[in-house]
Each structure stands twice: as C-alpha cells, then as structure tokens.
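Following: one structure in structure tokens, then a few remarks.
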Amino acid sequence: MYASIGIIACIAGVGGCFAFSMFWGGSNRYSLLTVLETNTKGLIAIPLEGDCPRAARWEEQSRTLVPLKTEYAPDRRTKCLVVYDVDFAGVRVSSDARKIPSFPYRIDLGVPISVIAQADPPGDAPEADAVIGVPVPVCDNRLRLFTGELSLDRISSDGVATLSLDGEDITVAPGQAWTVARIREGSSTAEIRPGPGWEAALTKAFENGSPISRLTIINYGLWEKERVEKCGY
Amino acid sequence: MRPLRTVTGSTINAVISGGLAAVLVLANPSIAGGGIPDSNRPADRIPVILVHGALNSPDGTWGTASDQRGFYSFLMGRGYEPGLTLFNVDYRDSPDGDYAALYPRLHRAVELARARSGHQKVDVVTHSMGALLARYYVASPLYDGGVRNLVMLAPPSNGSFAVTSLRAALITVAQEDRRMRTAPLTGPGTGGSTHAFPEFRGEHDYVARRAAEFYEPLYGQFVLDTRITGGSKGSAESFEEWLARSKPEVYRDCFVEASEPPLRPDWDMGDAPGPGKDLTRAYYERLGLEVGRNNYLKYGGARPTLAETLVKSTPPLSGDLVEMLKEYSKRVLFYFAGRLLEIGTTKGKVAVAGLLESRFKVNVDSPALRRMVSREVRVSSATAPVLANHFLARWTGLEQANREGVEANATGGCWPENPRYLVIAGGAVAANLPWGRGVEENDGAVEIRSTLVAPGSDDVFKVFRGLVWPNHLGLLKSPTVRRYVASQLETYFPVRSTHYPSFREKALKWFRWSDSGEVAVTPWEPAYIAVDSSRLKGEAGSLRIQVSSDNLPGEMGLKAWVYVVSGDGMLERREVSLSSPSKTGAAGGTISVDGLGSLYDRVLLGFRLTGAFTTDAEMRRMEGVASPVKYTLSFEPSGQPGTSGGSSGAPAGNDGEAGVPGAGDEALPTIHVIRTTKKTVPGEFLLGECAVWVWDFGDGAGFRDEGPGERSTASHVFSPGEYTVRAKALDGKGRVLREESWSVSVPPAVEEAPAPPSEVKFVAGGDSPDVRVEVTGPAMWVTGRPAKFEVKVDTGGVGASGKEVITVEPGREFRMIWERPGTFQVTAAAKVRLTYDRPGGRVSITRTYTGATTVKVAATGVTD
C-alpha cells in the first residue's frame, strides 16, 4: 500500500513539476511584434543625433534579435516581445521594448513622450539651466491621434497574435501586418484603412497640412530565445 | 610634381631672423635663460618639442613643470631639461589657428633645439591639431630633415567628425539667421530634379538654396512615402537611406559625382582655405540636406530647433579659458549625444555663435575648422562615404607619396630624412557612451580610423582602449601612454630581437656565420630585428638577408626594409624586394647588404604587413592580425685578415685617422698586447733621468761628472791641434740621453814666445730642443682587430742647421692588436740628431723623444 502511495505521489510530483514548468518556466520561443506609431505633426524638439536608437534590431534572415540593452532581451518567462516605436515626421523620438510574460497585456498609447536630458557626468556640478538632466517634452501629444489602449490578448501556439484597439479585435498572423491611419480635420478625426482611396486620401491630407497618425502592427512570428545577441549594439 | 623640398638659404634665414624666442615658451620662465649647453658637448637627450592642440595652450595640454600629472613634468622626470632638450611651441596668439600659416614656428623651434642641444635631430610630440601643424611642416619646403620621431597623439589626420558636426551646426545657425532676417528662399520644389545646381556664391548661399529649393520639399516626400502611405516597414528607413534607395540618380548627382575637386580652379596645397576652394560640392550638399530636413521639421510642424546644447544657454563667463573650454567641450558632447535640442530663439543662437567666435576663435569661416572637416562624410549608412575635404585628401596623399619615396624614386633617390611616425589613439568611447553612437569608434572627438596617416612602412600605430578613457583629452593623462611615448623616444627603434654574438670563434678569426629566426609581424607596428655592431664586429663583408612567409593573411602583403645604421644616425635605407603573395599567401625575397666594415655598423631589418586601411571593418580585421615571418641572416667576409679592403677605415665618431689596415699592411710591425704591462717601445728607448755626464776631450783625456744634473760644465787645457770634444748624458742604465760635441782648434806656438796653455770651457745640457713625436690612431678600438698607428716626428720648431731622425720605434707606421680590453698607452720613440753651428765650434745633440696616445679597447665577445 505504501508502495502505491509512493508511486502516486511520485507521479503527482512529476506532473506537478511539469505543470509548474509549463506555467512558470516558459517556452524556448517568443513571439516578436512591432508597433509603429507615426505622426506628421507635433514634433517640438529633435534628438540631434537623428532618430533615437531603436530598442532592438533584428535580422530576419537569421531570425536573430539584437537588443539595445541587455534588459530588453527576452528572458525565460517572456512569451512575447513588443518593440514600440513612436515617430514624428520621419524622426524616431521613442523606442521601447516590452517583455510580456502573460496576457492580456495593455499598451497605453496616450502616455506623453518626453526625453530625459543627459545627466551630468558624475562628480561635476549640476547644470544650472533646465535643459540638461530634466524631462523635457519632445512632442505635442495632442497631435498624436492614437490615444487609447492597445491590448495584446494572446499569442497562439502557431504565433498568431490577437489584439484589440478601442474595442476592435485585431488578428495578425506571422509575417503579416495590420495598419490604420487617422486624420484630424478641424475638430473631427477620420479613420482611414488600407484599400482603395488609401493613398489618395492620405496624400491629400498631407498636402493640406492636416495632422496624420498611423499605427502599424507587424507580427514577425515565433523566434528562438537562443538567437539573441545580448551584447547590445 | 611640385617640388616640396627645395630649401633656400634666404628662406631659412628669413625664418630664423624672425626671432626664435618670440614663439617659444618655457613652462617655467625662471629657467628660460639657463640651460645653454657646452657647445662642444651634445645634450644627453635628443630634444623634444611639444605642440599643443587646437583651442588649447602648452600648459593646458602638457601641464607645467610643477604639475606632476602632466606630460611636461613626466618628461622632465625622464631627464629632459627645459630650454635644453624640452621645448614648447605656442600658437595661441594665432587668430584662426591655421596650421598652414603656423608651421614656420615649429621650424624655428627645431632650429633652436638643435642649436642648444647640439643634436642634429629632434623629436616632436603633438596633440590633436598640433599633429596637422607638424605634418604640414614636414611636408613643407622649410623642412630639412631635422625631425627624428613625430609622435602624434589623437591626431585628426583625416579630419574630425566633431569638427564636421560643429561646423555643420554653425553654418546651419548662420543659415537660419539669414533666413529669419531675409525673405525665405521659398520656391517651387524641384521634386527630385538633380541637375540644377545653383551658382556657387559662397557656402552660406549655396547651402541655403539647396536646403530650401531641393532638400526641404524632398524631405516631405520622404515622410509621405515612408511614414504615411508607404510600406509597413518604412519607418526604419532614414531620409538618406530613402534617398539612396528611391532616388539613386539624386544620390549619384549630389553626392557621388559631387565628390569632385573644389569649385575654384586655383586651389593649391598652400592656398588659404575658403568657400569653394577646399571642400567638395558633396560636402555642401550634405549640409544642404541637413538644413533642408531641419527646415522641414521647423516649418512643417516642429518649432525651430537646432544645436541647442550649444546655443540655448550661454556658457558661464568665468574668464578662465580652461574652464570655459571644459564647459564648451561638455556641451559639444551633449550636442553629439543628441539627447535633446530644445527650441531657442534665433537671437540666442546668433549670440552664442558670436560668443564662440569672440572667446574661442571659432567661427564657421575659421581656416583651421575648415581644414579639420573630415576627409570623408557618410551620407547614408547604406552607402559609401563621399569625399568632403578635398584639401585634406590631396595633402595626405601627397605627403604619403613623399614618405614612401614615390616621387623621389623616379629620380633614383629616397627621403631618408623623413621622420618616423607614431600615431597614438584612444578608443572604445563609441561602444560605451551614447553620444559616440552614429560614428565609428572614436575618442570623443576623433575617430580612430581618422587618426591614421596612410601608413608608411616604418610607422607605428597604437590604440589604447578603455571604457571611456583614455579619451581625446585624457590620452595624455594615461600613465601607460606616457610610458609608451617615452620608451619610443628613448629607444627609437623598438627591436624585437637582437643578434649579439652567439658564436665562439676565437677573436681575430675571420668569420662567416648565419642565423635564422621567426618574428610575428603585424600591420600596426613595424617589427625590427637588429644585427648588432658587436655581431658584425666591424668586419668587411656583406650580410645576406632572406625573408619569407608561408601564409600571409588574405589581401595582405609583406613589406621589408633594411636600415644600415652607424652610431646614432641613420645612414641608409634599402628596400627588400619581395615577391607578391601567391594564392596560398606565400611571399619572400632576398637582399644583400654589401659594404659593411665600419666598426659601428649595425643593421636593422624591418617588417610590416601591408593592406588597405579604408574602412572600419578592415581596420578591425587588421587589428588582430599577426603573421609569422621567417628570416635568415648570413654574413660573408670579403677578405682575409689584414686584407679587408673597401672599408671606411676609422670607426664612426673616432678622432683617429688610422684604422683597419689595407692591402700591403702585412709588412708593418705588429705588436700583440696580451698583458696590460705590454710596452710598445723597446726598453732601450724608454730613458730615465740623467745620472752622469761623460766627457771626452779628444786628446785622450776625459772625466765623469756624477752631478747629476741637466747641465754639466768642463774646462780643459789643450795642446795645439784639432780636437773633437764630446759630452754624453747617460741615465742610470747607461743609455744615452743626450750627446753634444764641439770642435776645438788650438794654433801652434810662435817661436819668439812660448805658447801659453790653452784652456777651453764647455757647457753641456740645458733646454731641450722643441721636437715633438705625435702618435695618431683610433681612440677607441676592440680586441682582436689590428689598429693602425702612425708616428710623426716634428722638428719644425728647432733652429738647428742639421736635423736627422736616426730611428723611430716601433716604426713610422705600426699595428696594434689587443687581446684583452682595457685602456692602453701607445707610445712611440724617435732618436733625433740636431747640429748647431756655434762660434768656436759645431755642437751636435743626439737625443730620444717620445710621444703617446691613449686607446680604449672594448671586448667583442659579449654574449647574451
């Protein structure tokens, strides 16, 4: 009898460990998504170097990720890595990498973007002016037309991402992209989706000087966690 | 090709007469007047001349004599003396710091250092832009070979990205100011038209027009295409990359084909820089692109924003130049960091630009700033760089041709007076600091790749890496760097291997020998193998050198050369002709160094790998490369003992004229010195003090005067007749010191009266006639080799009617061979007979005179 109890306990233990590892240990793969927010108006300061460094770059052929910082690298619990860039008139002012361990995960698109000016070198006297060392807005967030929540609801085993934006469900399969643009004309905002008239409408609004924002989600599929260069770039 | 090295006396005189002291400062004025050396004795150290960097001072760059952390005091600690072997060149008073106008100052410093130290060569150590000044001097007509080492710390040899960016910011500020004050240069966008370059009426005008009429509307097209309507991945693309990809004809016309010689045709190396004269159209197009983008962002949505770190706030006006420079440098770094550019007013920007000009002599038209613009600028990360600074490119290429002897080889010569270049750079800042991103590895102001002069075969290129330090200004503070520089100055040739005698031949045995070895060769620093003079032993013969490598790295070649060095001066450089690397990377060659035979000859065999230094990737690849190269040395004597012709004879630096005997010298008397007591003159010639005078009156009478003394007197009564009276002075061993004689005639008696006794008095001795015996030969010699000496007997100062050199010991010419080292006296003796006609008789004096010289004899049988 004791043997039976022991066998049952052993099976339960192994099963528990398996379940624990499945729940906490994570997979050796992660899903790579990018969220690109581009805006035509609202830039009030330019990072002089040009674009701010992207949080991560990746080689699609070798499916290798090179994070800017080691803390951006997917860890054991990461199920999805989202690289979120914000761009104004061709200038990338913000880039962030989100390591998502569980779903749903919400990205607040309305968080104001500011830049922390470079702190003084250690040991030097602090700057007297307000530029160096303090957060400074780099854009007019009122001219960013996507201000709601982008929710990443799940990633299926084959890498299909399910998201929702302002209550609308979005499904992006690996290798596919989803995009939408908004145009502010006066006090109203119109939404443009890809299809006939997409280019003409956007070009007209651009030439009219209307603020335009576009949100693009790209699903790069499932990547191996082993293929991450953790040295940064 | 333009003759660069024509030096006229009037030119030099004019420069020298310009005043040396005015341009030379000593860190410690209290010692400015001292330190003038004994003109007959060169200073112990080869003098060092320090040349500071731009926007800096001698004290700021090198420190003062009391600053223990400074390079100046470090050199003093190594034995350099201010005013004697340590000098500064100061060019702070220059309105624009343009090295092309300032290099005569360095020439004057070299002349002064030579005069004070007694050395013919000096070492020059430079920091930052000081290197450009020194390089300009070396390539100038004033240069006459006076620089031995040119050490360049963080030199912007191919320009500075910091200067490029700073100048771009300044011209952008100026252009914006112009645009704000005048009507905007608005007009129909060309929409991609690339062929309508505006007339070049100055760079401000050109940049403004290109920005407004072409790049600003083009940037809008870029935003629309890539950010709004275009593909989903478009945002990863920059304006420049989009331009190169989507509008290749624009990129070709505006950048690739615009990397042309400057717009004005009268450009020359020595011409003053100016708009259209030194920077290519591609550079102005690059500025126009930058300004156009900024204009779009400024007027198309963003508030005005430019180099705010520079222009928003005024640097504290403490009045302390160093502190302001630090503040300014910090702001430049923040500028490059690109953390943030908040919008400022045009008025503020212009005010700051004016401040830069008034306090730091920095303005967009500064010749120094123009000339330090990078040789190449990168338009897009996806495309190759385009030529920006045509002046720098042409000058660098011309100088390199001279250093390699390309021009001179056409006439069969080379430039042995070219200095050895040592380029020292700091790196790794780019990998660790945010502001370093976007440019290749750099020290905060200069990219490593940009520090490198196109390498010559005997250049040294060292990179010191650290997390953030040594950076551009901190390079001099690094103890490692300082020690390395000092070691390079003191050793001149860092020798990887020295071939001292390893053989056991008996001295004097005429030898042939061979050695072989292997050395790791890199493209960064020449490797030298020394065949020491004690190995060659001054033997007449030739050294055959074989060099081979079986597996050179791909696309790399091997270069080898030979210096035949005498004393501390380089005599001759010879290239080793090597075969081109085969497919397997095998290469090799042979050279025979003939005509060896001078005692201090030594041979330096140099190697280095060669290859292209054009891209950062190649730089990194070559950095870790080291290839083994085999060498074989074999010495073949050209003659037998005592028959070694073709030699120059005397050792270098020797006062003696005699030396290795030539053909026919075998007959000369040879003296082997085995013991230090060995005498070169037979004992009978080495006389003692006068002990006795022996008189012989010629009539059978005589006597001995046991005085003793240098003088002796005698009287004697002669009978009528003819007599010869002799007096000999003898030393204690009976050897004749002096012999005198008189002729006496006593007339016969007259018949009327008996003849009185005829008494005659004599005086012998007294002052010696001024006869000199001079022994000439080498002052220094080595064991086992015959040294030739000559003996001259000078009787010119003697007023005798007869002069006869009876004998010379050991001979009028003779050879000495020492079998052991030491300091020896070489003595010669001459027996001379002098005859004087005096009233009452003839006096003949025979005496031995001696002369001697001292020889230091060194051993050759030292082994390591």
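Looking at region A:158-233, the GluC sites (Glu not before Pro) that sit in a DSSP loop and have at most 16 other Cβ atoms within 10 Å of their own Cβ are A:226, A:229. Entry for region A:150-231 at q = 0.12, 0.16, 0.17 Å⁻¹: log10 I(q)/I(0) = -0.50, -0.74, -0.80, Debye formula applied to identical alpha-carbon scatterers, no solvent contribution. Each of B:225, B:770, A:87 was scored by other Cβ atoms within 10 Å of its Cβ. Listed from fewest to most, they are B:770, B:225, A:87.
For the cross-link pairs B:792/B:831; B:247/B:277; A:69/A:225; B:733/B:792; A:204/B:247; B:728/B:761, the ones whose C-alpha atoms lie over 21 Å apart are B:247/B:277; B:733/B:792; A:204/B:247. With neighbour counts taken as other beta-carbon atoms within 10 Å, the residues B:119, B:127 rank, fewest first, as B:119, B:127.
FRET efficiency for the residue B:462 to residue B:67 pair, using the beta carbon distance and R₀ = 22 Å, is estimated at 0.35.
Here residue B:594 and residue B:630 are evaluated by their C-beta separation; at R0 = 30 Å the FRET efficiency comes out at 0.85.
We did not get these values from a lab; they are worked out from the coordinates using the rules stated. Source: prediction; values computed, not measured. A quick note on method: Cβ atoms are made from the backbone with ideal geometry, for glycine too, and the neighbour counts reach across all protein chains shown.
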